[in-house]
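Here is the structure we will look at.
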Amino acid sequence: MSVSTSVPAPASVFPLLESRLPSVQKPIQYVGGELNSTVKSWNCAAESEAGGESVRWALMYPDAYEVGLPNQGVQILYEVLNERDWIVAERTYAVWPDMEAVMREHDIPQFTVDSHRPVRAFDVLGLSFSTELGYTNMLNALDLAGIALHAVDRGDDEPIVLAGGHAAFNPEPIADFIDAAVLGDGEEVVLAISEVVREWKAEGRPGGRDELLRRLAVSGGVYVPKFYDVVYTADGTIEAVVPNKPGIPFRVSKHTLMDLDAWPYPRKPLVPLAETVHERFSVEIFRGCTRGCRFCQAGMITRPVRERSIKTIGDMVENGIRKSGFEEVGLLSLSSADHTEIGEVAKGLADRYEGSNVSLSLPSTRVDAFNISLANEFSRNGRRSGLTFAPEGGSERMRKVINKMVTEEDLINTVAAAYSHGWRQVKLYFMVGLPTETDEDVLQVADLAKKVIAKGREVTGHNDIRCTVSIGGFVPKPHTPFQWAAQLDHETTDSRLKKLRDTVREDKRFGRAIGFRYHDGKPGIVEGLLSRGDRRVGRVIEEVWRDGGRFDGWSEHFSYDRWMAATERGLAGTGVDVDWYTVREREYDEVLPWDHLDSGLDKDWMWADWEDALAAAEGADIEVEDCRWTPCYDCGVCPEMGTEIQIGPTGQTLLPLSVV
Ligand code: SF4
């Protein structure tokens, strides 16, 4: 039997907020109303022709507006959901500490920026986690919203708290705080979840939120942590993770969108009101990567490769520019130069927008896929800003260990070609702390940078050549062949970085031409704890938040000491500590906290790949080639997920359009 479909809309908090906005920094970030944003009636379904129950989503990127607004995932889901006349989707972001103080003082709850409705009034609060460092911001938002922090304490009138994004491939550290998690591409699953919520509401909410969660869980595509018990062994490892209710599947699968051309989002890109980290229109030109870099979680969990066709890319660019007015277009993916028709895409777009104010950028470029004519196309309308290449490993030995087969010769030739075509700045990205790494491997970064500068000077005849070396700390991630690896402790990380910096600086011929950017090793340890943690880590996150932890991805807000003090308290009595989660190597038969979450990758294939990495470290010549161009090497994803590689070439070309 259908029940009443219209409910009073919750009051906007804007009247409470408005007079206080002048007292906070960047108040514009809280007001909404961006070009292409959407405000719908709270009872949109009841007002539609079909009638029925409305389903309401608050979507959160758990970071500040300036980082969260450009996030593609949230923008896509916001649009996909709002296109349905029975769904309302609004956005909310983490508020800065000054705004938090105002909200706590005046009892203003966490609100959406679109219509300033309280987040607690929505059916679902969907959070997209690109990184684990957003967890404390989630707790803060829940608390500000007046939503119970722990899922077990939530009543029927509180939203379902749902996590997605790459970090959701191991949501165990936040299992106590979320009701559910989804893995993989969100476009289809958010609609499927909405259908389940709509039906449950239309039936009069039988069985309360437990029944709703059960319905989501039995679908096999939504993970509901409370329906799984974790059993630990005496040594602190996991014995098993088992469903505790009939009908709940043992494993939960990721979602894979198989026809990117059928989902050309964003169609109405949001144009921010305040300054944000990216001010451009981005088109994702393909998803997935099968290059097989062993450290790369993004590549592993997004398999297989699925390309957008050149025609759809062209249509999306034209539409996005027209609707947003952005002057820069970014062609996004994990390795954009690998698109089978990237040359035609680049040329077609460069021809089309020649003479206009539209510039093109290719944010991620592999050394071996780069070609200068491509870079020239992309810079036709724009500045020759720096080019970035990511060899990742300083020595050839390390690059074999990580399966990123870039030879020194490749790199130097590529960079030389860039310098001789007018580029003066090149950025090289490396990681420190990779498995089996020694000081010597890291010091080879300095040699490489010097050779790059020397070659640049040689081919250009100029001395004003610059190379910036940027170094990040390696953090082993779930669902990768390095998921068993020991993370390097932060003291050794820092000492290697110092030795490298000293080596770069002591050579006066190159010191000034080489820029050196790095972070200390401590934040990586916290990221490592959260990445490979289990449910026991939840107490640590809560301790940190209670102690004032917010915005842990921001160096000015991050406190290592706060995290370490919280691990002492939060892990007390468990028999495990932060080192156990981070610098400990795992054995083959250890049950990993995320083993019941299915990314499609076969665990035995990953283990064999891990062993190959260790063999490569000892000199074995083992390379895993890209399955786009060589036979399938059975990583498991395609048969497990019922997917296949989708690549061109399509043979299409981009028709010139008259540019307005
Ligand atoms: S199953 Fe085979 S074709 Fe599919 S991603 Fe893995 S290696 Fe590539």
query: Of 152, 270, 8, which is farthest along the charge dipole of the chain in the positive direction, counting Lys and Arg as +1 and Asp and Glu as -1 at C-beta?
result: 270
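In the neighborhood of residue 524, defined by Cβ-to-Cβ distances under 11 Å, what is the net charge if each Lys or Arg adds +1 and each Asp or Glu adds -1?
-3
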message: What number do you get for the range 163-228 when its Cα radius of gyration is normalised by 2.2 N^0.38 Å, N = residues?
response: 1.10
query: Tell me, what % of the accessible area of the range 503-579 is carbon and sulfur with a 1.4 angstrom probe?
result: 43 percent
task: Enumerate the calculated ³J(HN,Hα) couplings along the range 164-177 in order (Karplus 6.51 cos²θ - 1.76 cosθ + 1.60, θ = phi - 60°), each rounded to whole Hz, writing x wherever the residue is Gly or Pro.
output: x, x, 4, 5, 6, 6, 9, x, 4, x, 10, 4, 6, 9
- prompt: Peptides 177-184, 316-323, 74-81, 34-41: what's the order by average Cβ count within 10 Å, highest mean first?
  reply: 177-184, 74-81, 316-323, 34-41
message: Viscosity 1.002 mPa s, temperature 20 °C: give me the Stokes-Einstein translational D for the range 261-332 in µm²/s, with Rh taken as the Kirkwood radius over C-alpha pairs.
response: 158 µm²/s
Unpaired by the 4.7 Å Cβ criterion, cysteines found in the chain: 44, 289, 467, 627, 632, 635, 638
query: At what distance in nm do the modelled label points of residue 156 and residue 413 sit from each other, each positioned 7 Å from its Cα along Cα→Cβ?
result: 7.0 nm
statement: For the range 1-62 the mean separation of alpha carbon contacts under 8 Å (6+ apart) over residue count, i.e. relative contact order in percent, is 42 percent
query: If each of residue 586 and residue 620 carries a label point 7 Å out from its Cα toward its Cβ, how far apart are those two points in nm?
result: 2.1 nm
- prompt: So, by mean Cβ neighbours within 10 angstrom, what's the order for 56-62, 618-624 with the highest one leading?
  reply: 56-62, 618-624
Length released on extending from residue 459 to residue 25, taking residue separation times 0.36 nm less the Cα-Cα span: 151.4 nm
- prompt: Say the cut-off is 26 Å between C-alpha atoms; which of 400/450; 40/245; 404/450 go over it?
  reply: 40/245
query: Using modelled backbone amide H atoms (1.01 Å from N, in-plane), which distant-in-sequence or interchain residues come within less than 5 Å of residue 359's amide H?
result: 328, 329
message: Roughly how far apart, in whole Å, are the Cα centres of the range 387-453 and the range 578-625?
response: 25 Å
message: Restricting to Cα pairs below 8 Å that are 6+ residues apart, what does the relative contact order work out to for the range 38-169? Please round to a whole percent.
response: 26 percent
message: How tilted is helix 208-218 with respect to the longest principal axis of the chain? Cα atoms for both, answer in degrees (0 to 90, nearest 10).
response: 40 degrees
message: Using Cα-Cα distances under 8 Å and only pairs 6 or more residues apart, what relative contact order does the chain have, in percent?
response: 14 percent
query: At a 1.4 Å probe, what is the % contribution of carbon and sulfur to the accessible area of the range 27-132?
result: 51 percent
statement: Rg/Rh over Cα atoms for the chain, Kirkwood Rh, comes to 0.96
- line: For residue 185, the residues 5 or more places away or on another chain with a placed amide H closer than 5 Å to its own amide H are 255, 256, 257
Whichever lysines have a C-alpha closer than 20 Å to that of residue 311, once near sequence neighbours (fewer than 8 apart) are set aside: 268, 323, 347
query: So how much slack lies between residue 239 and residue 202, counting 0.36 nm per residue of separation and subtracting their Cα-Cα distance, in nm?
result: 9.2 nm
message: Using only alpha-carbon positions, what ratio does the radius of gyration of the range 1-153 give when scaled by 2.2 N^0.38 Å?
response: 1.04
query: For residue 104 and residue 603 in the same chain, what is the full-extension length gain: residue separation times 0.36 nm, less their Cα-Cα distance, in nm?
result: 175.0 nm
- prompt: For the Cα atoms of the chain, what angle does the longest principal axis make with the long axis of helix 490-506, in degrees from 0 to 90, nearest 10?
  reply: 40 degrees
query: Once the principal axes of the Cα atoms of the range 72-162 are found, what is the range along each, listed largest first in whole angstroms?
result: 37, 29, 27
- prompt: For the range 586-650, what does the equivalent ellipsoid look like in terms of its semi-axes, each the square root of 5 times an eigenvalue of the Cα gyration tensor, given largest first in whole Å?
  reply: 24, 20, 7
query: Quick one: Cα centre-to-centre distance for the range 174-242 and the range 254-320, in angstrom?
result: 27 Å
field: Amide hydrogen neighbours beyond the local backbone of residue 160, cut-off 5 Å, H modeled
entry: 124, 125
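Residues of the chain: accessible area per residue at 1.4 Å, in Å²? Don't skip to the answer; put the middle values down first.
On the way: 25480 Å² over 660 residues.
Ligands and nucleic acids excluded, the figure is 39 Å² per residue.
The values are calculated or read from the model by the stated rules, or taken from the named source; none is laboratory data. The shown structure was predicted, so the numbers you read here are calculated from the model rather than taken from an experiment. A quick note on method: Cβ atoms are made from the backbone with ideal geometry, for glycine too, and the neighbour counts reach across all protein chains shown. When the accessible area is computed, the model is the full protein with side chains, heavy atoms only, and any ligands, DNA or RNA have been set aside. Shrake-Rupley method; radii C 1.70, N 1.55, O 1.52, S 1.80 Å.
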